[in-house]
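To start, the structure under review is shown below, and the notes come after it.
The values are calculated or read from the model by the stated rules, or taken from the named source; none is laboratory data. It should be emphasised that the depicted structure is a prediction, and the values quoted were computed from it without experimental measurement. Here Cβ is always computed from backbone atoms with ideal geometry, including for glycine, and neighbour counts include all displayed protein chains.
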Amino acid sequence: MEDPKERLTKCISTAELERRWKAVRETMRNRKIDYLVIQNSEEFLGGTLRWFCDFTARHQFPMTVIFPVDDEMTTINCGGDPPADQHPPAWSTRGIKNRLGAPYFPTIQYTNEMEAELTVGILKQKKQPTVGLVEQAFIPVTYRDYLVKHLPEATFVDATEWIDEIRVPKSPEEIELIKVTAALQDKAIEHLKKTIKPGMRDFEVLAEAQYSCVRSGSERQLIQVGSGPVGTPVGFFLRHFQNRMIKEGDQVSILIETNGPGGYYAEIMKCFMVGKKPSQELQDAHGVAMEVQKMNVERMVPGADPKELWDMTNDFLKKKGYAQNLRLYAHGQGLSLVERPVLRYNEPWKLRPGMNIAVHPRAVTKTVWASVCENWVIGEKDAGPCLHKSPQEIIVLE
């Protein structure tokens, strides 16, 4: 008889899960919290769910994890009415006691309280419970309102900040998985060197990059591609804007944001030139982007203040005649594509060891666009080596 576990992709070790659960429960006891509730319907940004139970929500189908201070977890997923077996299958779970489900969908209004109703059934097992809500920005108002209404004796607190403080610094096992993700992205760049050619449309480049990443073990991919003529700012675009046909002499900009086996994210960005050497203007912009990245990496040491790095970067770009950052140019990554810290003026955290940081500055004017992107994990003294091995250069396709 076949072992069903052969169906599983790379899983985090049970020892690593137990390390997390122990750290969280110690803090819950100190804070007198009875339950944590994590609810999400995302995969790119749904990493906290996976951090607790090694599963994410499934492509916008909501999922709840209830994490008690003194018992195993309960999961709630979009599924069938009892006695239907619910996702995830019992043979695949660790630390999960109850697997509940119901046929609820955000698009079917009259089912919007089913998930919350099942949650209340668990939380009310304790009198006057204190419930920590994690990443409340993801929790639908219908879900939260139902909890508050049907648990009038409960106390609700926000547990996000201290969960992040435990979750964001990566363990040695996690760091090794992030390195695997960086390596598969390097491999995708090598694949694109052999496949990009005039006559392809941008979405076909996406398909080739996605093919390479999935073949190497990636479970989720956000790949942005843009092409255009020299003398125009050629950034990258989401799928809806990827129908342009690539021509001889074009610049092609590609951002590969994917996870790898185990679900950990990294990202890489490259500029390609199709059959033509880059203009001096593009080379200069690319050089500035690399210089900005280097300046930041050299200063990404434990205790560094993101605001100081943000100000330094924008001052440098302005001095060089390029557009300043208005969004973010570096941020943490893990089981979520974007997580704390972000290198912005309003980030209250200081940098600390174990943080996986993607650094992707741009040098942009009205006539040129260049960016670089790789990952570093902060060590005890500095940022250590770049996790990606692809040469930092504009790639010319002959």
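In the stretch 370-386, which residues are farther than 30 Å from Ser279 by Cβ and within 18 Å of the chain's Cα centre (by Cα)?
Val377, Ile378
Does Asp305 satisfy the criteria of being closer than 17 Å to Ser371 by Cα and modelled with pLDDT of 95 or more?
Answer is no for this residue.
Here's the yes/no breakdown for (1) in contact (Cβ under 8 Å) with a residue 60 or more places away in the chain; (2) in a strand (DSSP E or B):
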| residue | (1), (2) |
| --- | --- |
| Ser336 | yes, no |
| Tyr345 | no, no |
| Lys350 | no, no |
| Ala358 | yes, yes |
| Asn375 | yes, yes |
| Gly384 | no, no |
| Pro391 | no, no |
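Determine which member of the set Ser218, Ser227, Ser212 is at pLDDT 95 or above, in a loop (DSSP other than H, G, I, E, B), polar (S, T, N, Q) and crowded, with 18+ Cβ neighbours inside 10 Å.
The conditions single out Ser218.
If the Cβ limit is 6 Å and pairs must be 6+ apart or interchain, which residue in the stretch 1-14 that is within 16 Å of Arg220 (Cα to Cα) pairs with which residue that is of a type in the set (D, E, K, R) and surrounded by 13 or more Cβ atoms within 10 Å (Cβ to Cβ)?
That search, which allows pairs on different chains as well, returns Cys11/Asp54.
If we keep just the residues of the stretch 239-266 that are farther than 29 Å from Leu49 by Cβ and small (Gly, Ala, Ser), which is surrounded by the most Cβ atoms within 10 Å (Cβ to Cβ)?
My answer is Ser253.
Consider Thr75 carefully, then state whether it is modelled with pLDDT of 95 or more, crowded, with 19+ Cβ neighbours inside 10 Å and among the hydroxyl-bearing types (Ser, Thr, Tyr).
Yes, satisfied.
Please work out which residue is farthest from Lys319 (Cα to Cα), limiting yourself to the stretch 355-369 and to residues that are under 17 Å from the mean Cα position of the chain (by Cα) and among the hydrophobic types (A, V, I, L, M, F, W, C).
The residue in question is Met355.
On the given criteria, is Arg362 surrounded by fewer than 21 Cβ atoms within 10 Å (Cβ to Cβ), in the same structural domain as Thr258 (by TED's automatic domain parsing) and either of a type in the set (Val, Ile, Thr) or out of contact with any Leu (no Cβ under 6 Å at 6 or more places or on another chain) (or both)?
Spelling it out, it is not the case that Arg362 is surrounded by fewer than 21 Cβ atoms within 10 Å (Cβ to Cβ), in the same structural domain as Thr258 (by TED's automatic domain parsing) and either of a type in the set (Val, Ile, Thr) or out of contact with any Leu (no Cβ under 6 Å at 6 or more places or on another chain) (or both).
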